[in-house]
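Quick notes on the structure that follows.
Nothing in this text is a laboratory measurement; each read-out follows from the coordinates by a stated rule. A quick note: this is a predicted structure, and the numbers were derived from the prediction, not measured. So basically every Cβ, Gly included, is an ideal-geometry build from the backbone, and we count neighbours across all protein chains shown.
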Amino acid sequence: MVVIKRQTAKKCTIIDLIKGEYVRKEGWEPNYILNGTEEISRLNILAVAISKPENNSLIIDDGSGQISVRDFENNLLLNIEIGDIILIIGRPRVFNEEKYILPEIVKKINDKKWIELRTLELKLNKKNVSEQKITSSFEEKPKIIITEPTKINIKDLILKKISELDKGDGVTIEEVVLSINDKTSETIINNLLEEGDVFEIKPGKIKIL
């Protein structure tokens, strides 16, 4: 069994990126934005596309500020239109002293309430660090690569269980893990959170996006 480490996509605001210091690292260590004491090498942002200069670039706004998103080879932005609410998971980059986001995952969000929810979530996280630690220990666990058939089956089962257990206000991670009873379930839930398939509406409680 091979164990690898991967940076968690941290939920943040555009102003966190703009005001933070961009730190360049040597070798295989990832560059990151230093925002206070937090290092953001991989990010999770919910914002609105307000301008599209080219097919491979966007300007987004989340209410705290604006930043560009540039995709050089994956065509992730082709179907995004001005006014779309989008979830972006990616990495901060700098070119000519201008910060931008290099996307890994881009998803359209149809319900505008997700922006309100994300805003509330970020405020709560900043006010209550102790609650954030409940999930940080879970998020910092290394990813485990398992055989692909098993991974797919457990992932589908987890998504199905979340839908079944969610009565409208989300379901706790603990409930899902106990219902699955599989040692890889926590790792796969963490993967789903990072990839944007599942949304953490408050510490320890999740909902399908």
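For a 25 Å ceiling on Cα separation, which of these pairs sit above it: Lys10/Lys167; Lys19/Lys52; Lys52/Lys160; Lys10/Lys99; Lys107/Lys183; Lys112/Lys183?
With Cα atoms farther than 25 Å apart: Lys10/Lys167; Lys52/Lys160; Lys107/Lys183; Lys112/Lys183.
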Checklist line | Phi to ³J(HN,Hα) by Karplus 6.51 cos²θ - 1.76 cosθ + 1.60 over the stretch 154-164, Hz, x for Gly, Pro | finding: 5, 4, 4, 5, 5, 4, 5, 5, 4, 4, 5
Next item on the list: Measure off 7 Å from each Cα along the Cα-to-Cβ vector at Leu78 and Asn56, then give the distance between these two points in nanometres to one decimal.
Entry: 1.3 nm
Check: So, in nm, how far is label Glu26 from label Lys160 when the simple model puts each one 7 Å beyond its Cα toward the Cβ?
Finding: 5.2 nm
Check: For the residue pair Gln66 and Thr184, what label-to-label distance in nm results when each label sits 7 Å from Cα along the Cα-to-beta-carbon direction?
Finding: 4.5 nm
Margin query: Counting only other residues whose beta carbon sits under 12 Å from that of Gly83, what net charge do I get with K and R as +1, D and E as -1?
Written below: 0
Checklist line | Residues with amide H under 5 Å from that of Ser41, placed H, sequence gap 5 or more | finding: Ile33
Item checked: Ascending count of other beta-carbon atoms within 10 Å, so fewest first, for Arg24, Arg118, Arg91 -> Arg24, Arg91, Arg118
